[in-house]
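K.L.:
So that we are looking at the same thing, I have put the structure below in structure tokens.
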Amino acid sequence: MNLFILTGAGVSAESGLGVFRGPGAALWKRYNPIRLATPEAFAHDPALVHDFYNTRRRNLIAASPNAAHVALARLEAELARRGGAFTLVTQNIDDLHERAGSKNVIHMHGELLKARCASCGAVRDCRDDLSVDSRCGCGGALRPHVVWFGETPLDTDEIYEALAAAEIFVAIGTSGAVYPAAGFVRAARARGRRCCELNLEPSGNAEEFDDRRYGAASEIVPSWVEEILAR
Ligand code: OAD
């Protein structure tokens, strides 16, 4: 079996990290992404942008993986044991998949617990707050190692290669609002692959999926994993 899993903010919602869109409280209802998650925002008001990500970093450090993260780590380990292939791509900048035990996670939108030099591009671990005074050894300003709107997602060659090879595409906890991730289902369908959506509610591109399951990730992901492993 060769599985390609895409996760989004919904997989970490029950860990208390908040989603960007969807029913109830959502980050982009409270905050304007144009003022916080673009290179222009960082150039215009770096202190405001640092503040937003500092709060999110502190929340992340205090959070724990939930049953959905744990189930996906178990799926990866079991498939490896059985000689299957498994790719986990996340739009999330948190490290909850890794803390649950996932070994190979592709963070296409970067990682909150890393900082990058805006001048030389060097990436380093970062668990503390960043400020306008945070500097790289080269003297350049440090920024969160996250992909902002208008920037290119990371590792896309590797991602599309894995997507082309996968037999089943599964989207978990993502609204299907942000490209290129929102286009993965169409790419998988074009190759005749089976596509499955696990989400709290139908996503923006729900009709493109063959199999749809709705409910809280901590419930539907573990039961779907059990089903896959029983095949
Ligand atoms: P969104 O916040 O857009 O979507 C989260 C999805 O998770 C929604 O469809 C919710 O209904 C669903 N959801 C909420 N709670 C859930 C739960 N307990 N169990 C299962 N599903 C639940 O998040 P993403 O699709 O990941 O990018 O957003 C994509 C990108 O948009 C993010 O990476 C971020 C954002 O702007 C940047 O900041 C560049």
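Derivation of every value follows stated rules applied to the coordinates shown; laboratory data play no part. Keep in mind that what you see is a predicted model, and the values were worked out from it rather than measured. A quick note on method: Cβ atoms are made from the backbone with ideal geometry, for glycine too, and the neighbour counts reach across all protein chains shown.
K.L.:
Convex hull over the alpha-carbon atoms of the range 170-222: what's its volume per residue in Å³?
P.N.:
Spread over its residues, the Cα hull of the range 170-222 gives 65 Å³ apiece.
K.L.:
Oh, and also: At Ala216 and Lys103, where each label point lies 7 Å from the Cα along Cα→Cβ, what is the point-to-point distance in nanometres?
P.N.:
It works out to 3.1 nm between the two label points.
K.L.:
Would you please put 93-106, 133-146 in order of how densely packed they are, using the mean number of other Cβ atoms within 10 angstrom per residue and starting with the highest?
P.N.:
93-106, 133-146
K.L.:
Please list 3J(HN,Hα) in residue order for the range 93-100, calculated via the Karplus relation 6.51 cos²θ - 1.76 cosθ + 1.60 where θ = phi - 60°; whole Hz, with x for glycine and proline.
P.N.:
9, 7, 10, 6, 4, 5, 5, 7
K.L.:
Order the peptides 121-128, 57-64, 3-10 from the highest to the lowest mean number of other Cβ atoms within 10 Å of their residues.
P.N.:
By packing density, highest mean first, the sequence is 3-10, 57-64, 121-128.
K.L.:
Looking at the square roots a ≥ b ≥ c of the eigenvalues of the Cα gyration tensor of the range 144-188, which shape do they give, rounded for a/c under 1.5, prolate if a/b is larger than b/c, or oblate?
P.N.:
It is oblate, given that a/c is not under 1.5 and a/b is not larger than b/c.
K.L.:
Mind checking Rg over Rh on the chain, alpha carbons, Kirkwood formula for Rh?
P.N.:
Rg divided by Rh gives 0.97.
K.L.:
What residues have an amide H closer than 5 Å to that of His145, excluding those fewer than 5 places away on the same chain, when H is modeled at 1.01 Å from N in the peptide plane?
P.N.:
Close amide H contacts, sequence-distant or interchain: Glu111, Lys114, Ala115, Arg116.
K.L.:
I would also like to ask the following. Search the structure for amide H atoms under 5 Å from the amide H of Thr7, placed 1.01 Å from N in the peptide plane, and list their residues when 5 or more places away or on another chain.
P.N.:
Distant-sequence amide H within range of Thr7: Val89, Thr90, Gln91, Ile172.
K.L.:
Moving to a separate point now. Can you find, among Leu27, Leu3, Ser15, the residue sitting farthest towards the positive end of the charge dipole of the range 1-79, where Lys and Arg contribute +1 and Asp and Glu -1 at Cβ?
P.N.:
Toward the positive end, the furthest listed residue is Leu27.
K.L.:
Whole percent per 5 Å bin, from 0 to the bin with the longest distance: what is P(r) over all C-alpha pairs of the range 78-135?
P.N.:
Percent of Cα pairs in each bin: 4, 14, 21, 20, 15, 11, 7, 4, 3, 1.
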